[in-house]
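The values are calculated or read from the model by the stated rules, or taken from the named source; none is laboratory data. Keep in mind it's a predicted model, so treat the numbers as computed, not measured. With ideal geometry, Cβ positions are generated from the backbone for all residues, glycine too; neighbour counts draw on all protein chains shown. Keep in mind that these areas ignore ligands, DNA and RNA; they rest on the heavy atoms of the full protein, side chains included. Shrake-Rupley method; radii C 1.70, N 1.55, O 1.52, S 1.80 Å.
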Amino acid sequence: MLRKDLLRVSRAGGGYHPQFAGREDRPLAARVVGVFQGHVGEPRHRLDDALEDLEREANDFKLVRGFAALLEREAVFETRAPLPPERVRRAVFESAEAVGGVVDDQERQTALESAADGLGTGVEDIEQSLYADRDVNEVLSSFDPRWDPEGLVEQYNLSLAQTALFDATEVRIRSSDPKRLVSAVKRLGLLYEIRRRGGGEDDGKSASLSEERVLVVTGPDALFRRTRRYGTAFARLLRSVAATAEWSLSATIDDRGTERELRLGPEDVSVPDVEPVTEPTYDSGVEADFAARFEALDLDWDLTREPEPLAAGTHVVIPDFAFDYRYADFRVFFEIMGFWTPEYVAKKLSRLGDLDAVEMVVAVDESLGVGEEIEARDHRAIPYSGTVRVKDVRDALRRYEADLEADSADALPDEIVPDADVIDLATLAAEYAVSEDVIEDRTFPDHDRVGRTLVRPSVLSAVEDRIEIGQSLSTVEELLDEYGIDDASATLSALGYRIEWEGLSGGTVKAVE
């Protein structure tokens with residue numbers, strides 16, 4: 001992004017058109033690069049003088065200044081002086097005060113000589129060091145730009161568009177990769193909504209990715225308290241937009257009280273050949289913290305980040321998470337609703353009210369005070385402050401589990417006859433797509449329950465025939481492994497044996513007395 005005073009726009013026809021650089025401006029870009037390269041090792045004021053000369057020759061001084069502003073970020077300036085400038089200034093000012101002040105050149109020279117004597121150096125070193133740390137006297141020590149002249153023009157156009165968008169109240173984006181843009185918007189902490197266009201019949205549940213969607217982002221100028229941080233994050237979004245294959249953007253600009261429309265496309269802005277910003281997995285620390293703590297519990301719910309879009313009237317909602325129940329085709333969506341502007345909160349509540357036939361849990365920042373309104377829209381609200389309590393979310397999910405387990409139990413026969421001779425309850429529960437709690441309530445006429453494993457009586461008899469008193473535990477475990485049984489303790493107990501432990505080295509088989 002460039003400084004506001006470097007913005008070049010045309011308002012022809014009532015629009016708002018950034019004056020982008022073209023192929024014809026590459027020679028000028030090359031000359032600006034050359035000026036920087038030619039002044040390595042020289043003070044900044046000489047570089048500035050050379051750039052001013054170039055401005056006078058060029059047709060548009062703002063274009064030269066824009067190129068120079070970008071290249072200056074690639075330049076390294078440093079203070080070069082025989083002595084520390086601050087120390088020298090202190091000595092000179094003290095010397096000047098001692099001689100009663102400096103009015104003419106002779107008094108100045110006397111003060112400099114006195115300071116030089118005090119520092120044990122010469123007057124020349126004093127003069128070279130006195131103001132060496134001022135910006136204009138800093139030396140251009142190195143210059144290694146990322147862009148050639150063509151790349152500089154490309155970067156200039158991107159930065160010019162970013163500057164123009166800083167005064168936007170709303171931006172509307174269409175893209176061939178909308179989900180990637182939504183991730184970028186959320187990562188940058190921007191206010192947004194998604195509007196749908198077309199797409200066929202609405203089933204009230206999800207919005208097809210092939211359907212045309214418009215990502216609408218609130219601009220910095222629309223905020224009740226415009227911040228530099230939000231504006232910078234907003235400007236960075238354009239890089240993600242321009243990096244997609246196909247896109248178009250229109251924005252409403254507050255041009256000193258007059259609304260104007262800005263339109264951009266791939267023909268205007270592209271991303272120079274530099275490394276893109278890596279997108280993190282989560283949009284905020286609150287989300288990342290919650291996900292880590294939830295997944296550590298290993299519950300009967302699988303956590304999915306940014307699931308499919310949900311239709312909400314003419315808009316689309318992409319929740320932060322979804323919980324998928326492992327033993328049924330059932331999904332609960334989860335949104336973490338932090339603090340934003342009152343208008344944005346109102347829009348969010350409206351979108352939640354437009355969702356049909358979906359289960360939604362919303363963790364809502366206590367400062368918003370809208371928990372009751374969320375509940376009124378048939379969604380579960382969980383208040384939080386700072387971090388989302390996993391226990392609260394767990395309790396909300398338990399309400400669904402009771403009904404899901406009841407449905408699973410109704411569909412499961414009272415007697416179950418597994419095909420396998422040996423099978424543990426967890427595996428059997430997975431085969432029937434039910435929880436272990438539901439499986440445990442059933443009977444198994446062809447198997448004996450040994451701990452949490454079902455074993456046919458014939459297998460137990462075969463095992464019993466091969467077990468002898470005095471065998472080591474390791475020998476018994478190898479034997480049981482042949483039959484697919486991994487609970488040696490429960491099996492031995494069922495057959496009337498026990499283990500007599502011998503310290504930490506193992507144990508031997510004994511009869512139960």
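Of everything in region 29-59, what is assigned to a helix (DSSP H, G or I), in contact (Cβ under 8 Å) with a residue 24 or more places away in the chain and open to solvent by 30 Å² or more (accessible area, probe 1.4 Å)? Give them in sequence order. Selection gives 30, 37, 44, 45, 48. Residues of region 454-466 that are open to solvent by less than 70 Å² (accessible area, probe 1.4 Å) and closer than 16 Å to residue 417 by Cα: 454, 455, 456, 457, 459.
Condition test on residue 487, is it under 30 Å from residue 288 (Cα atoms) and either free of Cβ contacts under 8 Å to residues at least 40 places away in the same chain or in contact with a Pro (Cβ under 9 Å, 6 or more places away or on another chain) (or both)? The answer is no for residue 487. The residues listed here are 81, 111; of these, the one that is over 30 Å from residue 162 (Cα atoms) and outside any helix (DSSP H, G or I) is 81. Any residue at all in region 406-421 that is within 30 Å of residue 193 (Cβ to Cβ) and assigned to a helix (DSSP H, G or I)? Among the residues of region 406-421, not one is within 30 Å of residue 193 (Cβ to Cβ) and assigned to a helix (DSSP H, G or I), which makes the answer no.
Based on this model, can you work out whether residue 138 counts as farther than 20 Å from residue 235 by Cα, surrounded by fewer than 15 Cβ atoms within 10 Å (Cβ to Cβ) and acidic (Asp, Glu)?
Working: farther than 20 Å from residue 235 by Cα: yes; surrounded by fewer than 15 Cβ atoms within 10 Å (Cβ to Cβ): no; acidic (Asp, Glu): yes.
Taking the combined requirement at face value, the residue does not satisfy it.
Evaluation of residue 451 against the conditions (1) small (Gly, Ala, Ser); (2) open to solvent by 70 Å² or more (accessible area, probe 1.4 Å); (3) at positive phi shows that the sole unmet condition is (2). Out of the residues in region 467-486 meeting the condition of being in contact with a helix residue (DSSP H, G or I) (Cβ under 8 Å, 6 or more places away or on another chain) and of a type outside the set (Ser, Thr, Tyr), tell me which one is most open to solvent (accessible area, probe 1.4 Å). The qualifying residue most open to solvent (accessible area, probe 1.4 Å) is 486.
Matching residues to (1) at pLDDT below 75; (2) of a type in the set (D, E, K, R); (3) open to solvent by less than 10 Å² (accessible area, probe 1.4 Å):
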residue: 213; (1), (2), (3): no, yes, no
residue: 222; (1), (2), (3): yes, no, no
residue: 225; (1), (2), (3): yes, yes, no
residue: 248; (1), (2), (3): no, no, no
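Within this structure, residue 284 passes the test of being modelled with pLDDT under 70 and of a type in the set (S, T, N, Q). Restricting attention to region 367-388 and to residues that are under 23 Å from the mean Cα position of the chain (by Cα) and surrounded by fewer than 16 Cβ atoms within 10 Å (Cβ to Cβ), the residue that is modelled with the highest pLDDT turns out to be 387. Considering the conditions (1) closer than 30 Å to residue 361 by Cα; (2) in contact with a Ser or Thr (Cβ under 8 Å, 6 or more places away or on another chain), residue 416 is excluded by exactly one of them, (1). Within region 86-99, residues that are free of Cβ contacts under 8 Å to residues at least 40 places away in the same chain have Cβ atoms under 7 Å from residues that are open to solvent by 50 Å² or more (accessible area, probe 1.4 Å) and not in a helix (DSSP H, G or I) in these pairs: 96/102, counting only partners at least 6 apart in sequence or on another chain.
Going by the conditions given, is residue 163 modelled with pLDDT of 80 or more, open to solvent by less than 10 Å² (accessible area, probe 1.4 Å) and among the polar types (S, T, N, Q)? Spell out how you get there, then give the answer.
Values: modelled with pLDDT of 80 or more: yes; open to solvent by less than 10 Å² (accessible area, probe 1.4 Å): yes; among the polar types (S, T, N, Q): yes.
Answer is yes for this residue.
The residue pairs whose first member lies in region 396-415 and is closer than 16 Å to residue 430 by Cα, whose second member is among the β-branched types (Val, Ile, Thr) and modelled with pLDDT of 85 or more, and whose beta carbons are closer than 7 Å, counting only pairs six or more residues apart or on different chains, do not exist in this structure.
Quick check on region 432-448: of everything there that is outside any helix (DSSP H, G or I) and open to solvent by 60 Å² or more (accessible area, probe 1.4 Å), which residue is modelled with the lowest pLDDT?
At the first step, the residues of region 432-448 found to be outside any helix (DSSP H, G or I) are 433-435, 441-448.
Checking the rest, the ones that are also open to solvent by 60 Å² or more (accessible area, probe 1.4 Å) come to 441, 443, 445-446, 448.
Values: 441: 82, 443: 90, 445: 92, 446: 93, 448: 92.
Step by step, filter region 432-448, then rank; the result is 441.
Out of 156, 192, report the one residue that is free of Cβ contacts under 8 Å to residues at least 40 places away in the same chain and under 30 Å from residue 234 (Cβ atoms). Let's see the steps before the verdict.
Values: 156 fails: free of Cβ contacts under 8 Å to residues at least 40 places away in the same chain.
Selected residue: 192, the only one of 156, 192 that is free of Cβ contacts under 8 Å to residues at least 40 places away in the same chain and under 30 Å from residue 234 (Cβ atoms).
Screening 99, 123, 76 for residues that are under 39 Å from the mean Cα position of the chain (by Cα) and either open to solvent by 20 Å² or more (accessible area, probe 1.4 Å) or among the charged types (D, E, K, R) (or both) leaves exactly one candidate, 76.
Note on region 287-312: residues that are open to solvent by 40 Å² or more (accessible area, probe 1.4 Å), touching a residue at least 40 places away in the same chain (Cβ under 8 Å) and not acidic (Asp, Glu) amount to 2. State yes or no: is residue 426 touching a Lys or Arg at 6+ places or on another chain (Cβ under 9 Å) and part of a helix (DSSP H, G or I)? Yes. Of all the numbered requirements in (1) part of a loop (DSSP other than H, G, I, E, B); (2) surrounded by 16 or more Cβ atoms within 10 Å (Cβ to Cβ), residue 509 misses one, and that requirement is (1).
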